[in-house]
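Let me begin by presenting the structure, written as structure tokens, before commenting on it.
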Amino acid sequence: MHSEEIVKQVEEVAGYLGVYYLVDRATGKAVTLTLWEDEATMRASEEAAARIREETARRQGQRVVSVDGYEVGFSSTKR
């Protein structure tokens, strides 16, 4: 499954706002950061997100090391 297909699956989950996939190419370590409307929609997404995450990791020969949740304390972007 390609990244675009994975993103489409996540986009269909209610409350989804965005995603970042960060990779350290030297070590192969990767981190995915998803953004949600609020804590309630993030919590409601957990079952679907876990399924997508585990299926993706299995297909790509990776493993999920941890899953953490954070509240945005500050945000600033420039486009």
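Numbers below:
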read-out: Mean accessible surface per residue for the stretch 4-43, computed with a 1.4 Å probe while every protein chain stays in place, in Å²; value: 79 Å²
read-out: Sites matching GluC sites (Glu not before Pro) across the stretch 25-61 that sit in DSSP coil, with at most 14 neighbouring C-beta atoms within 10 Å; value: GLU37
read-out: Accessible surface of the stretch 1-54 [probe 1.4 Å, protein heavy atoms]: carbon and sulfur percent; value: 53 percent
read-out: Mean ellipticity per residue at 222 nm, deg cm²/dmol - from DSSP H runs of n ≥ 4 across the chain, formula -39500 (n - 2.57); value: -10500 deg cm²/dmol
read-out: Along each principal axis, Cα extent of the chain, largest first, Å; value: 32, 28, 24
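The values are calculated or read from the model by the stated rules, or taken from the named source; none is laboratory data. On a predicted model such as this, the values are computed, not experimentally measured, just so you know. FYI the Cβ positions are ideal-geometry reconstructions off the backbone, even for glycines, and counts take in every protein chain you see. Remember, those area values only see protein heavy atoms, side chains included, never the ligands or the DNA or RNA. Shrake-Rupley method; radii C 1.70, N 1.55, O 1.52, S 1.80 Å.
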